[in-house]
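Student: Next up is a structure, given as structure tokens.
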Amino acid sequence: MASDQGYPLPPDAVAPERSASAPEPGASLGNHYSGCFACGSDHVDGLHLAATAGEGVDVVSHVEITGAHQGAPGLAHGGLVASVMDETLGFVLWMLGTPGVTARLEVSYRRPVPINRTVVTEARCTGVAGRKVYSYAAMHLDDRDGPLVAEASGLFVIVGEEHFRPYLGNVAGEAPSRLPGPPRYNP
């Protein structure tokens with residue numbers, strides 16, 4: 001991915017640094033918690049997104065697009081594509097070793113995504129300015145070299161774990177065993 005992709009960086013932005021606590025390249029990133037719509041293993045209607053750590057401050061995800069994900073007949077719903085982008089960009093925070101939340105997400109749809117296919121999304125951090133994390137993602141059909149179907153620019157804000165505490169009582173089903181987000185990596 002070219003370095004000029006994503007939101008323009010502010011003058012005070014610095015190059016991202018991979019956290020010493022980041023998982024090894026190629027390691028599975030698991031899920032935030034089992035009930036997460038995008039990555040949760042126990043979410044019946046979820047995407048079951050599988051993400052792996054990249055070499056730097058980057059991740060790759062895979063999602064099987066099924067009939068349950070369609071908007072127009074035979075095609076993935078655009079909101080579902082945006083959800084995959086948001087989740088994959090959010091996993092970039094795991095490489096920084098910090099929790100954060102989406103502040104802004106801009107998706108450019110390049111071509112339709114047919115159902116019964118896989119999308120592979122590559123995401124990376126492009127810069128950090130204070131608590132703001134800038135990132136970019138590209139989604140391809142079938143594999144990393146497949147046709148480009150969407151691109152996204154993300155702006156995330158680093159927050160402490162206390163940000164999530166007031167909402168844990170609203171978790172559907174069982175409460176997560178730990179707070180959502182990437183502050184800790186447990187293989």
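Student: So which chymotrypsin sites (Phe, Trp or Tyr not before Pro) in region 1-103 are both in a DSSP loop and have at most 16 other Cβ atoms within 10 Å of their Cβ?
Tutor: PHE37
Student: When the Cα centres of region 86-105 and region 1-71 are compared, how far apart do they sit, in Å?
Tutor: Answer, in whole Å: 8.
Student: Could you put ARG18, ARG131 in order of accessible surface area, largest first, with the 1.4 Å probe and the full protein assembly present?
Tutor: Largest accessible area first, the residues go ARG131, ARG18.
Student: Would you calculate, for the chain, the mean residue ellipticity at 222 nm contributed by helices, counting each DSSP H stretch of 4 or more residues as -39,500 (n - 2.57) and dividing by all residues, to the nearest 500?
Tutor: So the calculated ellipticity at 222 nm is -3500 deg cm²/dmol.
Student: Just how much of GLU106 is accessible, in Å², when a 1.4 Å probe is used and the result is rounded to the nearest 10?
Tutor: In the full protein context, GLU106 sits at about 90 Å².
Student: Could I ask something else about it? With +1 on each Lys and Arg Cβ and -1 on each Asp and Glu Cβ, how big is the dipole of the chain about its Cα centre, in debye rounded to the nearest 20?
Tutor: Around 280 debye, computed over the chain.
Student: To continue, here is another question. In the full protein assembly as shown, how much of HIS77 is accessible to a 1.4 Å probe, in Å² to the nearest 10?
Tutor: In the full protein context, HIS77 sits at about 100 Å².
Student: Using θ = phi - 60° and the Karplus form 6.51 cos²θ - 1.76 cosθ + 1.60, what ³J(HN,Hα) does each residue of region 116-124 get, whole Hz, x for Gly and Pro?
Tutor: The phi angles translate into 6, 9, 9, 10, 10, 10, 9, 10, 8 Hz.
Student: Subtract the Cα-Cα distance of HIS163 and HIS77 from 0.36 nm times their separation in residues, and report this length gain in nm to one decimal.
Tutor: Between HIS163 and HIS77, full extension yields an extra 27.9 nm.
Student: Would you mind telling me the share, in percent, of accessible area of the chain contributed by carbon and sulfur at probe 1.4 angstrom?
Tutor: Answer for the chain is 51 percent, counting heavy atoms of protein chains only.
Student: Skip the ligands, DNA and RNA, and give the accessible area per residue of region 1-124 with a 1.4 Å probe, whole Å².
Tutor: Dividing the accessible area of region 1-124 by its residue count gives 48 Å².
Student: Classify the chain: rounded, prolate or oblate, from the alpha-carbon gyration tensor (a ≥ b ≥ c, eigenvalue square roots; a/c under 1.5 rounded; otherwise prolate if a/b is larger than b/c)?
Tutor: Oblate is the answer for the chain, as a/c is 1.5 or above yet b/c matches or exceeds a/b.
The values are calculated or read from the model by the stated rules, or taken from the named source; none is laboratory data. Computed from a prediction, not measured in an experiment: that's the story for all the values here. When we count neighbours, we look across all protein chains shown, and the Cβ atoms used for this are built from the backbone with ideal geometry, even at glycine. Protein only, heavy atoms only, side chains kept; ligands, DNA and RNA dropped before computing areas. Shrake-Rupley method; radii C 1.70, N 1.55, O 1.52, S 1.80 Å.
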